[in-house]
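Colleague: One structure, pasted below without further comment.
The values are calculated or read from the model by the stated rules, or taken from the named source; none is laboratory data. In this text the structure is predicted, and so the values were computed from the model without any measurement. Here the Cβ is made from the backbone with ideal geometry for all residues, glycine too, and neighbour counts use every protein chain on show.
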Amino acid sequence: MSPLLFVLAMEYLSRLLRKVGKLRQFRVHSRCKRIGQNHLIFADDLMLFCYGDSQSISLIHRALKTFGNCSGLQANKAKTAIYFGNTSISFREQTLRHTGFSEGSFPFRYLGIPLNAKYLRFADYDGLVDKMLSRITCWASRNLSYAARVVLIKSVLMSLHVYWAQCLLLPASVLDRITQICRAFLWDGSANLSRSPPISWDWVCKPKATGGLGIRNCKLWNKAALGKYVWKIVNKEDSLWVRWVHSIYLKDQEWWDYKPKSSAGWEWKKLCKVKDDLHSGFLEKAWAQHKYKISEVYDWLQGNNLRVVWHTWIWNNFNSPKHAFISWLAMHNRLKTRDRLERFDFCEDSNCLLCGNATETRSHLFFECPYSRRSIDMIAVWLGIKNSCYNIDVAWLHWRKQFKDPICRKVGTAGLASVIYHLWFARNHAYWFKAVIHPRILCRGICIETVDRSRQLITGSWTRKQCKWLYSLKGCIL
Ligand SMILES: [Zn+2]
């Protein structure tokens, strides 16, 4: 059936049901009395509600039959169920016999989300958890880099959570499980974490500008997403839900002062808690005055974190993602250098694997070690700059200053992130294969990767001079 015809037919059904709702013999469900609602239609999903007495049920049933006779559209018995609340068994049996439908049980799914008359149990969220786990199982066999996993967490795992988070306040136990799954996938590539992660999840969830990876904090995002309902009530949006909330809970009370009754449902109490938590934000940032943006509220909930200056270097789009990730860990001093392993008793020998003459610390590896110095100097010469700084915390600033052109600056500092990645690679290679890669071979790899990545990013806005410079770099790869 064409969508337009379907809408017209449903409009007829809706009018028919509204007419039934106005009949004196028909009793509306106690919670829908004030708004007189007896049905909800979304696309081809139809929900009907009425008081649990045989007369009201037969009136609704008769309306369905009339609709069927006029339009030829019948309710699919296999997909239709009746849900009873607080009724006797004999009444249920009689109703089922009379209507020919079967009895459904709670919770049932509506648009993918489980609905229940009471609060949802942990097991009711299995759908969400299972979906996440099945995606991870599918990816686990692939050898993905950390950077690739970050992308998958942000784009796939988090988007599954976002849909649920906009409809329900997920219980803390479910949010903890989601966090656990994402954390295990990031650090282990599987659904279970077998070792302690190098950096806390709090850091991972911070925005990139403040030193994090920008993965969403599920708890705060859930709160910010539900803030939309708080906003709808504040702005008295013309929607069925807002009218229903006013008729059942708020009545004529002021929303900001409202306190839920102890008999109110779990979800409603939680929403009131979200309202209290966001109240100061609504006052301070005047969210009520414009369109509600979840990301804006989420940023506010994250609080004022100190910005780190190096984020512009690490998250420069000319950096290959895996170089950026390892450099990010290096900036936090969370790479497993041997001095740290020794501190945790994981290793007895803390000597540098590349020169063998000093303790392997972050500052030795980047770039006090003679091996590292040689490598970084070679790359600086290749890029046409002078390097005199062997300190990872400030080297990128020295490199930045030496490039006048913004594109050259991005390519040059991407080269430095590549140096960090390759030195870490050379160190791991020396550990596993007991052989040190020659610095010239290492630097050749750095040059090739830097040029290749930059070539992919050439756009029409690049000047001829910039392109020429990049090709001259390609011409003199070490
Ligand atoms: Zn060394």
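Colleague: Can you name the number of the only condition in (1) modelled with pLDDT of 95 or more; (2) part of a helix (DSSP H, G or I) that LYS465 fails?
Modeller: So the condition that LYS465 fails would be (1).
Colleague: Starting from segment 100-113, take each residue that is on the phi > 0 side of the Ramachandran plot and list its partners that are surrounded by fewer than 11 Cβ atoms within 10 Å (Cβ to Cβ) and part of a strand (DSSP E or B), counting only C-beta distances under 9 angstrom and pairs at least six apart or across chains.
Modeller: Hits for this filter: LEU111/PHE42; LEU111/ASP45.
Colleague: Take the residues in segment 342-360 that are touching a Lys or Arg at 6+ places or on another chain (Cβ under 9 Å) and of a type in the set (D, E, K, R), then tell me which one is farthest from the ligand (Cβ to nearest atom).
Modeller: Looking at residues that are touching a Lys or Arg at 6+ places or on another chain (Cβ under 9 Å) and of a type in the set (D, E, K, R), I get ASP349.
Colleague: Hey, does segment 323-339 have a residue that's part of a helix (DSSP H, G or I), surrounded by fewer than 18 Cβ atoms within 10 Å (Cβ to Cβ), more than 10 Å from the ligand (Cβ to nearest atom) and among the basic types (Lys, Arg)?
Modeller: no
Colleague: If ASN319 passes every condition in (1) exposed (fewer than 14 other Cβ atoms within 10 Å of the Cβ); (2) modelled with pLDDT of 90 or more; (3) closer than 30 Å to THR359 by Cα but one, which one does it miss?
Modeller: So the condition that ASN319 fails would be (1).
Colleague: Within segment 270-313, take every residue that is surrounded by fewer than 16 Cβ atoms within 10 Å (Cβ to Cβ) and of a type in the set (Lys, Arg) and give me the one that is farthest from the chain's Cα centre (by Cα).
Modeller: Across segment 270-313, the extreme among qualifying residues is LYS285.
Colleague: Right, something else. Which residue, of SER280, SER262, is farther than 24 Å from GLY36 by Cα and part of a loop (DSSP other than H, G, I, E, B)?
Modeller: Only one candidate qualifies: SER262.
Colleague: Continuing with the same structure: Looking only at segment 361-414, which residues are in a helix (DSSP H, G or I), within 16 Å of the ligand (Cβ to nearest atom) and not hydrophobic (A, V, I, L, M, F, W, C)?
Modeller: ARG362, SER363, HIS364, GLU368, PRO370, TYR371, SER372, ARG373, ARG374, SER375, ASP377
Colleague: Return the pair list, or none, for Cβ contacts closer than 8 Å from residues in segment 454-478 that are touching a residue at least 12 places away in the same chain (Cβ under 8 Å) to residues that are aromatic (Phe, Trp, Tyr), at least 6 apart or on different chains.
Modeller: Every condition considered, the pairs that remain are SER454/PHE318; LEU457/PHE318; LEU473/TRP382; CYS476/TRP382; ILE477/TRP382; LEU478/TRP382.
Colleague: Return the only residue of GLY68, GLY36, GLY85 being out of contact with any helix residue (DSSP H, G or I) (no Cβ under 7 Å at 6 or more places or on another chain), surrounded by fewer than 14 Cβ atoms within 10 Å (Cβ to Cβ) and not in a helix (DSSP H, G or I).
Modeller: GLY85
Colleague: Then there's this: Which of the numbered conditions does PRO260 fail, given that it passes all the others? Conditions: (1) of a type outside the set (Gly, Ala, Ser); (2) under 18 Å from ASN222 (Cα atoms); (3) in contact with a helix residue (DSSP H, G or I) (Cβ under 7 Å, 6 or more places away or on another chain).
Modeller: Single failed check for PRO260: (2).
Colleague: Identify, by number, the condition in (1) on the phi > 0 side of the Ramachandran plot; (2) modelled with pLDDT of 95 or more that GLY384 doesn't meet.
Modeller: Every listed condition holds for GLY384 apart from (2).
Colleague: Only residues in segment 353-374 that are among the hydroxyl-bearing types (Ser, Thr, Tyr) count as the first member; pair them with residues that are more than 9 Å from the ligand (Cβ to nearest atom) and not in a loop (DSSP other than H, G, I, E, B), Cβ under 6 angstrom, at least 6 apart or cross-chain, and list the lot.
Modeller: Within 6 Å, the pairs are THR359/ASP339; THR361/ASP339; SER372/LEU423.
Colleague: Is it the case that ILE379 is out of contact with any Cys (no Cβ under 9 Å at 6 or more places or on another chain) and closer than 13 Å to ALA414 by Cα?
Modeller: No; evaluated as a whole, the condition is false for this residue.
Colleague: Among ARG373, ARG409, ARG362, which is the only one that is over 19 Å from ASN316 (Cβ atoms), of a type in the set (D, E, K, R) and buried (at least 16 other Cβ atoms within 10 Å of the Cβ)?
Modeller: Selected residue: ARG362, the only one of ARG373, ARG409, ARG362 that is over 19 Å from ASN316 (Cβ atoms), of a type in the set (D, E, K, R) and buried (at least 16 other Cβ atoms within 10 Å of the Cβ).
Colleague: Where the second residue is in a helix (DSSP H, G or I) and modelled with pLDDT of 95 or more and the first is among the hydroxyl-bearing types (Ser, Thr, Tyr) and lies in segment 395-406, which pairs have Cβ atoms under 9 Å and are six or more apart or on separate chains?
Modeller: Qualifying pairs under 9 Å: none.
Colleague: List the residue pairs whose Cβ atoms are under 9 Å apart, where the first residue sits in segment 12-25 and is farther than 15 Å from LEU73 by Cα, the second is loosely packed, with under 14 Cβ neighbours inside 10 Å and of a type in the set (Gly, Ala, Ser), and the two are 6 or more positions apart or on different chains.
Modeller: Sorted first by the residue in segment 12-25, then by its partner, the pairs are ARG18/GLY36; GLY21/GLY36; LYS22/GLY36.
Colleague: Can I ask one more? I need a count of the residues in segment 451-478 that are within 34 Å of the chain's Cα centre (by Cα) and closer than 20 Å to ASP377 by Cβ.
Modeller: The qualifying residues number 1.
Colleague: Among the residues of segment 113-156, write down those that are closer than 30 Å to GLY265 by Cα, part of a helix (DSSP H, G or I) and more than 19 Å from the chain's Cα centre (by Cα).
Modeller: Within segment 113-156, PHE122, ALA123, ASP124 qualify.
Colleague: Since ASN305 meets every condition but one in (1) over 30 Å from LEU416 (Cβ atoms); (2) part of a loop (DSSP other than H, G, I, E, B), which condition does it not meet?
Modeller: Exception for ASN305: condition (1).
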